[in-house]
1. How many of the residues in region 142-199 are more than 14 Å from Glu77 (Cα to Cα) and touching a helix residue (DSSP H, G or I) at 6+ places or on another chain (Cβ under 7 Å)?
2. On the basis of being at positive phi and small (Gly, Ala, Ser), does Gly48 make the cut?
3. Quick check on region 204-223. Is at least one of its residues β-branched (Val, Ile, Thr), farther than 27 Å from His26 by Cβ and surrounded by 14 or more Cβ atoms within 10 Å (Cβ to Cβ)?
4. Could you pull out the residue among Ile45, Ile25, Ile68, Ile31 that is under 20 Å from the mean Cα position of the chain (by Cα), over 30 Å from His148 (Cα atoms) and surrounded by 12 or more Cβ atoms within 10 Å (Cβ to Cβ)?
Amino acid sequence: MNIFSRVIIFFSGLIFVGVGIFLIIHCSEKINLFRKHKQQRIGEIKPGKKVFISGYIGQHKKLIKSPITNKPCAAWEVYVYTSSSTKSKVGYRKVILLYLSSDQSLTLTDRVNKIDIFPEKTSSFTMFLGRMLESVFQISKSPNFMDHQNFLSEFSDPQTLKFLRLNNFNQLNYLGLRRQLTVVEKILIPGDKLYVWGEAMRHENKTVINAKLISDTMKWQILILIMLLFIGLIILVVGLGMCQKLFIY
């Protein structure tokens, strides 16, 4: 094996190691989130405590409207992604190009008590198996709206282009051709089941939750954690093995 091949394998191994470490760190942070937030009933929450609660979205006096379809809802998220040209074992890799979510509070009830939930603003995000990992909202239900464009066909709904232009998003590439894009809108409505992790605090003389994670399913949260940890360990071991070859040959 010549020096050039060794260097290529070594740096490829470093990339694998970096990805593996990133996934493992993400899992450890999510495990800490679950561990530090204790499950409580809504009526028993005390300010200053990190809590995990579940309940249903209550009836809101004034619902907000989703940005693309203008549907009344309690919360929404919209993301635009493109798929890479290479296919892996878990499908085409999706790259998030734009992510937006509502920041208005929503009300959670257990049919006896209720509490207002304030989502933290998302500063970073990653997509895995078509799901958002680091966004506050992690909605697993089917999109209420999805639109596509590629080199041969344009978006089918004029509201898609209107939304992209309002957010200064260019749907064309540097050659002036249509990019391969998918736009997804998801909404939460009164009656939807929610799981919330966050810190209780006082706001306007009442207890509210500053939410770090809002999800409509527990199964997905557990499944993605196990899968990410397993994949991260495999990638890390493969990367270390590739780096080790530099010193064996």
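No value in this document is a laboratory result; all are computed from the given coordinates. This one's a predicted model, so the numbers in the text were calculated from it and none came from an experiment. Ideal geometry is used to build each Cβ from the backbone, glycine not excepted, and the neighbour counts take in all protein chains shown.
1. Qualifying residue count for the region: 5.
2. yes
3. yes
4. Result: Ile31 is the single residue among Ile45, Ile25, Ile68, Ile31 that is under 20 Å from the mean Cα position of the chain (by Cα), over 30 Å from His148 (Cα atoms) and surrounded by 12 or more Cβ atoms within 10 Å (Cβ to Cβ).
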